[in-house]
1. Touching a strand residue (DSSP E or B) at 6+ places or on another chain (Cβ under 6 Å) and farther than 29 Å from B:VAL262 by Cα: which single residue out of B:GLY111, B:GLY26, B:GLY30, B:GLY46 fits that description?
2. If you check B:GLY250, B:GLY258, which single one turns out to be touching a residue at least 12 places away in the same chain (Cβ under 8 Å), outside any helix (DSSP H, G or I) and closer than 23 Å to B:VAL292 by Cα?
3. Assigned to a helix (DSSP H, G or I), free of Cβ contacts under 8 Å to residues at least 12 places away in the same chain and open to solvent by 20 Å² or more (accessible area, probe 1.4 Å), is that true of A:ASP242?
4. Could you list all residues from segment A:150-165 that are open to solvent by 10 Å² or more (accessible area, probe 1.4 Å) and at the interface with chain B (Cβ under 9 Å from one of its Cβ atoms)?
5. Output yes when any residue across segment A:168-175 is open to solvent by less than 30 Å² (accessible area, probe 1.4 Å) and either more than 26 Å from B:LEU248 (Cβ to Cβ) or within 28 Å of the chain's Cα centre (by Cα) (or both), and no when none is.
6. Can you tell me which of (1) closer than 30 Å to B:GLY250 by Cβ; (2) among the acidic types (Asp, Glu); (3) over 18 Å from the mean Cα position of the chain (by Cα) is the one B:ASP61 doesn't meet?
7. Which of the following residues is of a type in the set (A, V, I, L, M) and either outside any loop (DSSP other than H, G, I, E, B) or over 30 Å from A:ALA73 (Cα atoms) (or both): B:VAL217, B:VAL189?
8. Looking at segment B:15-40, which of the residues that are aliphatic (A, V, I, L, M) and at pLDDT 90 or above is surrounded by the fewest Cβ atoms within 10 Å (Cβ to Cβ)?
2 protein chains.
Amino acid sequence: MLVIGVDAGGTSTRAVLATAEGRCLGHGRGGSGNPTSAGIALAADGVLTAVQQALAAAGADLADVTAIVAAMAGHDSNGGATPWLADPLTQRGFRGTLAFESDLLAMYCSGAVAPVGYGVVCGTGASVVRVQDGRIVATADGLGWLLGDRGSGFWIGRRAAHAAVDELEGIGPGTALTPLVLEAAGVPVEGADGPGRDGRPRGLGRLIRALYAQRPVQLAELAPLVFTAAEDGDAVARAILDRAGELLSGSFDLVRDGSGPVVMGGSIVSRPGPVQARLRAHLDVAEGRYPVVTVESGVAGATMLALRHAGVPVGEEHLALLRSGLPG
Amino acid sequence: MLVIGVDAGGTSTRAVLATAEGRCLGHGRGGSGNPTSAGIALAADGVLTAVQQALAAAGADLADVTAIVAAMAGHDSNGGATPWLADPLTQRGFRGTLAFESDLLAMYCSGAVAPVGYGVVCGTGASVVRVQDGRIVATADGLGWLLGDRGSGFWIGRRAAHAAVDELEGIGPGTALTPLVLEAAGVPVEGADGPGRDGRPRGLGRLIRALYAQRPVQLAELAPLVFTAAEDGDAVARAILDRAGELLSGSFDLVRDGSGPVVMGGSIVSRPGPVQARLRAHLDVAEGRYPVVTVESGVAGATMLALRHAGVPVGEEHLALLRSGLPG
């Protein structure tokens, strides 16, 4: 008996083919697998590419697969309609069970088997969930870049842009972020504060044009600059990261209800620094009530969920075997 | 001798045909006249429609017109290239001077003739400029919805959305804004705080989906709700408007340099309430150092600038005559 777990993200998709024991037989990668962000055709292509790579690595076939779990944001599989993925899978010989699950639940299951625990995901976006009996019973944030994602990569990146804009505008303190952000936006640092049109600093007009020429969510790409500047002792950068850690801690408190493992994933909480440090301090990690596990993706968890859908009573040994079989 | 002033906005365009004395012979309206937001073809159509209506009202012809001033945001006429508007005007018989000016300068000139003064524009966006010798010498804000426009309609509307989201999320106080925002977004108020998917309040998921389905800048449409709630005594709404007034006052201070008339335009500063009150208190209007004039649009100012381009030494009497001739 074989199962496939799929972690379908907004930019890339990962798939793992595994045995009932949790042995990883093959893995694959594809493009975006999220129909909300990529559209149905591209998303189906992203998932199928990853699935077929995983199968090919083991010389296996879709007809041999008992269950597939596709984990994705929203996990409502295109508003409840599953044919966008079910149909092409059936056409390729799949006769098993296809289920959609939350990417946040898959992330949790990638790091913990305990029926009660927490998932903290902080990459471009940010959310914290409490898991109980294998499902999400409470969610904090995950409200998107415009109205939420407190402490996320977007949140941090937007504050980096703001720090540069505010210094040039004359309403914020000097910060090492300003030249870093100007450079990242392709604006000459030299003479940026010189006189430009309508009595505005030259670099400010250019920076604004460069930042508005991209999609808002791309501000998240500035987040690594804040880590760099904070490591170099910049007070503004340090304050941004401290605040991000506080906000994530606040989101944790919104769903906190007893002890349990905390599974963390995403670029912001994976990177050592003030965000992670604040959050760990807040969780009393030292007391052991909230043991922290860091995971790379939700693909192991999606595979654990697929095993469950196939009726396998999964345990720690399945997860350990799966994780040891994943590419680094 | 005749001139035409054009106020080319992002959603609509106004044009006025006037004599050398400032007598308004005709006026017209068209769609968006801004090539940055609407594209060259639509923008040219918006301006030409308004111009031809103004001419038709007086039975005049483009060949009779000495100067046209088109005022628009950015006022760089499509990155310095003017043919998008100059060519179709020439094809229709125009032989005079075409000049592009800042919409902010036109707004100022719609309310004041003094060579030194201030323009405060606060509608969807927000900026404050200092005018000296007929040109803008200092600019505060105008940095757009994502990184600036402090105290603007967008700023206020986004905070209204946040107030509703934060109450439902459990991190903000109760506010009359929540039902108002839910209603505006088409989300049932009844049962909004009941349990929804993944342990999130039902109304929160719906509200988020509704707000992200529109363009971010449309959050500005929520601003009037904040005025309504503040008038009804809601403390959260009142605090948002107070803060908006403080931020606009801060922007004013960035360009403040001596006394002069303050010309205000835009839906947020035109509407009586805490924003206008804070700003007026900050400006020491009572001392008379900053006499405030409120204007509807920049079309009178664009026409004043056209008269200047035609070599007319304009004065208060021209502006008074122009304003009295405009439709209400």
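The values are calculated or read from the model by the stated rules, or taken from the named source; none is laboratory data. Note that this is a predicted model, so its numbers are computed, not measured. Cβ sites come from the backbone with ideal geometry, for glycine too, and all protein chains shown count toward neighbours. Surface accessibility is based on the protein's heavy atoms, side chains included, excluding ligands, DNA and RNA. Shrake-Rupley method; radii C 1.70, N 1.55, O 1.52, S 1.80 Å.
1. Values: B:GLY111 fails: farther than 29 Å from B:VAL262 by Cα; B:GLY26 fails: farther than 29 Å from B:VAL262 by Cα; B:GLY30 fails: farther than 29 Å from B:VAL262 by Cα.
Testing whether each residue is touching a strand residue (DSSP E or B) at 6+ places or on another chain (Cβ under 6 Å) and farther than 29 Å from B:VAL262 by Cα leaves just B:GLY46.
2. Numbers: B:GLY250 fails: outside any helix (DSSP H, G or I).
Matching residue, one of B:GLY250, B:GLY258: B:GLY258.
3. Working: assigned to a helix (DSSP H, G or I): yes; free of Cβ contacts under 8 Å to residues at least 12 places away in the same chain: no; open to solvent by 20 Å² or more (accessible area, probe 1.4 Å): yes.
It is false that A:ASP242 is assigned to a helix (DSSP H, G or I), free of Cβ contacts under 8 Å to residues at least 12 places away in the same chain and open to solvent by 20 Å² or more (accessible area, probe 1.4 Å).
4. We begin by selecting, within segment A:150-165, every residue open to solvent by 10 Å² or more (accessible area, probe 1.4 Å); these are A:150, A:155, A:158-159, A:162-163.
Within segment A:150-165, A:ARG150, A:ARG158, A:HIS162 meet the criteria.
5. Let us first name the residues in segment A:168-175 that are open to solvent by less than 30 Å² (accessible area, probe 1.4 Å), namely A:168-169, A:172, A:175.
Retained after the next criterion (residues that are either more than 26 Å from B:LEU248 (Cβ to Cβ) or within 28 Å of the chain's Cα centre (by Cα) (or both)): none.
Taking every residue of segment A:168-175 in turn, none turns out to be open to solvent by less than 30 Å² (accessible area, probe 1.4 Å) and either more than 26 Å from B:LEU248 (Cβ to Cβ) or within 28 Å of the chain's Cα centre (by Cα) (or both).
6. (1)
7. On the way: B:VAL189 fails: either outside any loop (DSSP other than H, G, I, E, B) or over 30 Å from A:ALA73 (Cα atoms) (or both).
Of B:VAL217, B:VAL189, the one residue that is of a type in the set (A, V, I, L, M) and either outside any loop (DSSP other than H, G, I, E, B) or over 30 Å from A:ALA73 (Cα atoms) (or both) is B:VAL217.
8. Restricting attention to segment B:15-40, the residues satisfying the condition of being aliphatic (A, V, I, L, M) are B:15-18, B:20, B:25, B:38, B:40.
Next, from what is left, pick out any that are at pLDDT 90 or above: B:15-18, B:20, B:25.
On the way: B:ALA15: 30, B:VAL16: 29, B:LEU17: 27, B:ALA18: 28, B:ALA20: 15, B:LEU25: 17.
Per the stated criteria, the residue is B:ALA20.
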